[in-house]
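Below is one structure; the comments refer to it alone.
The values are calculated or read from the model by the stated rules, or taken from the named source; none is laboratory data. It should be emphasised that the depicted structure is a prediction, and the values quoted were computed from it without experimental measurement. Every residue, glycine among them, receives a Cβ derived from its backbone with ideal geometry; neighbour counts consider all protein chains shown.
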Amino acid sequence: MHFSKITGLIAATFTPFDKEGRVATELIPRYARFLQKNQIQGVFINGTTGEGSSLTFPEKLMLMEAWAKEQTADFKVIAMLGGTSQEEAVQLGKKAQKWGLYGTAVTAPYYFRPLDVIQLSDYLAPIARAAESLPFYFYHIPLLTRVEPSMLALLEHVAGKIPNFAGIKYTHHNLMEFNQCLRYKAGRWDALWGWDETYLAGLTMGAKGAVGSTYNFAAPLYHAIQQAFDAGRMDEALRLQEKSIDFVDLYGSFGGPAAGKAILKLSGLDCGSFRAPVASLTPAQLHALEGKLAEQGFFDLIGSLSHRL
């Protein structure tokens, strides 16, 4: 099977929760318009940013169905189907196909881990088959899964075994392997760059599409990096990338993943708190984060770049 490769930015969405911690699907239409305004090409839902590992099966279904209603020809919806439970991922895949989502993805099992690409592909195949008409992506994030087989070996092994295998969401720092995946078999499969703070590095290695959490609120910055890169203005592209590095560097001192959701709130879209064990920011921490971002000129920069879109 042949699928068109993804270009541009795909936002790894946060899951919206209400004040009681329930999934708030009523916010999703506004969320979609918010992203589309900033020329986001689609969403990657129920993933790491979306706290997929903390969602129940019914909650994942709710989110998939709600986001499916926002999908258009120019706004793709890719659903992460899970990691540790093959059967749950199969059931979610069937729903993804029924509701006509653009594509699906899955991580490696991260509790009972596959020992090699044979075990990994055997795990992936039934999940991909559950939504056989949709592009299927392997979400490679060894920092969290601790599963780190050769992605080239995986591509070789899935050929002929998983007909709808479309490529890899590559959230890893091995730039050499990323480039090799892009070039493997004359570029047969897609490879989506997954590290926002090294977006420029991904571009230099050949990335055409990227999936990331900070595209939710800082897409104009990454569009500007892309434009400078395409025009050969590498000094400008690097200067802009450093802006991304600086605000992402704040995450560690403000709760890690919760900081991204907090910045989205400061940008005008409140998706609620993170679920335990991730600690959400207190009002005092949120105020302090806003001050640090202001010191960096974050809001002024994003506002000025938004006018170019």
Counted residues, the range 110-131 - those being of a type outside the set (S, T, N, Q) and either surrounded by fewer than 19 Cβ atoms within 10 Å (Cβ to Cβ) or within 18 Å of the chain's Cα centre (by Cα) (or both): 13
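Condition test on ALA284, is it within 21 Å of GLN39 (Cα to Cα) and either assigned to a loop (DSSP other than H, G, I, E, B) or at pLDDT 95 or above (or both)?
On the way: within 21 Å of GLN39 (Cα to Cα): no; either assigned to a loop (DSSP other than H, G, I, E, B) or at pLDDT 95 or above (or both): yes.
No: the conditions fail for ALA284.
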Close pairs from the range 28-55: first at pLDDT 95 or above, partner of a type in the set (D, E, K, R) and surrounded by 24 or more Cβ atoms within 10 Å (Cβ to Cβ), Cβ under 6 Å, at least 6 apart: ASN46/LYS60
Selection count where residues are touching a residue at least 24 places away in the same chain (Cβ under 8 Å), over 18 Å from ARG30 (Cβ atoms), out of contact with any Ser or Thr (no Cβ under 7 Å at 6 or more places or on another chain) and not β-branched (Val, Ile, Thr), scope the range 75-99: 11
Some residue of the range 274-287 being within 22 Å of THR48 (Cβ to Cβ), of a type outside the set (S, T, N, Q), within 19 Å of the chain's Cα centre (by Cα) and buried (at least 19 other Cβ atoms within 10 Å of the Cβ): yes
Residues of the range 49-60 satisfying the condition of being surrounded by 18 or more Cβ atoms within 10 Å (Cβ to Cβ), touching a helix residue (DSSP H, G or I) at 6+ places or on another chain (Cβ under 8 Å) and in a helix (DSSP H, G or I): GLY52, LYS60
Neighbours by Cβ (under 9 Å, 6+ apart or cross-chain): first from the range 240-262, among the acidic types (Asp, Glu); second at pLDDT 95 or above and surrounded by fewer than 19 Cβ atoms within 10 Å (Cβ to Cβ): ASP246/GLN296; ASP249/GLU197
Residues that are among the acidic types (Asp, Glu) and loosely packed, with under 14 Cβ neighbours inside 10 Å, drawn from the range 241-273: GLU242, ASP249
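Among the candidates LEU154, LEU81, LEU143, single out the residue that is surrounded by 19 or more Cβ atoms within 10 Å (Cβ to Cβ) and under 20 Å from the mean Cα position of the chain (by Cα).
On the way: LEU154 fails: under 20 Å from the mean Cα position of the chain (by Cα); LEU143 fails: surrounded by 19 or more Cβ atoms within 10 Å (Cβ to Cβ).
Exactly one of LEU154, LEU81, LEU143 is surrounded by 19 or more Cβ atoms within 10 Å (Cβ to Cβ) and under 20 Å from the mean Cα position of the chain (by Cα), namely LEU81.
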Some residue of the range 79-91 being closer than 19 Å to ILE127 by Cβ, among the charged types (D, E, K, R) and not in a loop (DSSP other than H, G, I, E, B): yes
Answer from LEU120, LEU152, LEU115 - the residue that is in a loop (DSSP other than H, G, I, E, B) and at negative phi: LEU115
Where a residue in the range 144-169 is under 21 Å from THR49 (Cβ atoms) and its partner, wherever it lies, is hydrophobic (A, V, I, L, M, F, W, C) and at pLDDT below 95, with Cβ under 8 Å and at least six apart: ALA166/PHE3
Subset of the range 247-265 [touching a Ser or Thr at 6+ places or on another chain (Cβ under 9 Å) and over 21 Å from LYS19 (Cα atoms)]: PHE247, VAL248
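Out of everything in the range 56-96 that is among the polar types (S, T, N, Q) and more than 23 Å from GLY209 (Cα to Cα), what residue ends up being modelled with the lowest pLDDT?
Once the filter is applied, the top-ranked residue is THR84.
Checking the structure you have, find out if any residue of the range 194-203 is among the hydroxyl-bearing types (Ser, Thr, Tyr), under 16 Å from the mean Cα position of the chain (by Cα) and crowded, with 16+ Cβ neighbours inside 10 Å. Don't jump to the end; show me each part of the working.
Here is the first cut: in the range 194-203, the ones among the hydroxyl-bearing types (Ser, Thr, Tyr) are 198-199.
Adding the requirement that they be under 16 Å from the mean Cα position of the chain (by Cα) leaves 198-199.
Those left that are additionally crowded, with 16+ Cβ neighbours inside 10 Å: 198-199.
Scanning the range 194-203, I find at least one residue that is among the hydroxyl-bearing types (Ser, Thr, Tyr), under 16 Å from the mean Cα position of the chain (by Cα) and crowded, with 16+ Cβ neighbours inside 10 Å, so the answer is yes.
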